[in-house]
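These notes are about the structure you will find just below.
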């Protein structure tokens, strides 16, 4: 009974977060900015599903509401493995009045036995004094990071050690994404610094 | 002995201090800038046996605003 209450609470929390972040495109109508939504739902027994998305985008409006979401869900199956990774860099160029950016990683197993589910999200947000766009070289580096992020989550996993390795590899790519954007901004005559926020959660049953 | 409150005498009144309110226009100025980055990681196992869920979210945000 206690477990049932806990499960219900977890379900409600996960659904609320998923609904909140998943609804970002609709909310973005009142604000603006790119959204990077990577969602993988795996319902096939024993299957392996994975996806990664990398985005670097400017926003020059008054109300920035960019969302970066990595959502992996294994549902109604046995032995499923699901990986999702989302990496996003947003540079705000219009001195916006409102900045309500969101970054979330959501990993859920629902009615799923012996399932492994992993989600990683990284968001880099900086403000600049004037419009900046990525050079062809910068765009090429972003594409290369995308390719390697996809390769990371395409690796099979069967233990927590594998997830720790994914974290390390994706954090390295996140640092590379940040460096790429910083380098582009320096080239355009801007300096960039950032504060860091981290949230991490793991559940085993 | 009376329990009724006593008023201030002249010396006490003189000792009271106050400060002039600013102009109404200044009082109505509101800084409307909002900077509210959200970062969250959620991992959940619901009705799932021998299952593992890992979520990791990291955010770097520098938001400079001015009116």
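The values are calculated or read from the model by the stated rules, or taken from the named source; none is laboratory data. A quick note: this is a predicted structure, and the numbers were derived from the prediction, not measured. Note that we place each Cβ from the backbone using ideal geometry, even for glycine, and neighbour counts take in every protein chain shown.
The residue of region A:163-174 that is surrounded by the most Cβ atoms within 10 Å (Cβ to Cβ), among those that are closer than 15 Å to residue B:54 by Cβ and in contact with a strand residue (DSSP E or B) (Cβ under 8 Å, 6 or more places away or on another chain), is A:170.
Among residues of region A:136-145 being surrounded by 13 or more Cβ atoms within 10 Å (Cβ to Cβ) and touching a helix residue (DSSP H, G or I) at 6+ places or on another chain (Cβ under 9 Å), the one that is modelled with the lowest pLDDT is A:138. As an exercise: evaluate residue A:96 against (1) surrounded by 24 or more Cβ atoms within 10 Å (Cβ to Cβ); (2) outside any strand (DSSP E or B); (3) more than 9 Å from chain B (Cβ to nearest Cβ) and give the number of the one condition it does not meet. Here residue A:96 clears every test but (3). Residues that are more than 9 Å from residue A:47 (Cα to Cα) and buried (at least 24 other Cβ atoms within 10 Å of the Cβ) within region A:73-90 comprise A:73, A:74, A:83, A:84, A:85, A:86, A:87, A:88, A:89, A:90, listed in sequence order. Note on region A:99-152: residues that are away from every other protein chain (no Cβ under 13 Å) and assigned to a strand (DSSP E or B) amount to 0.
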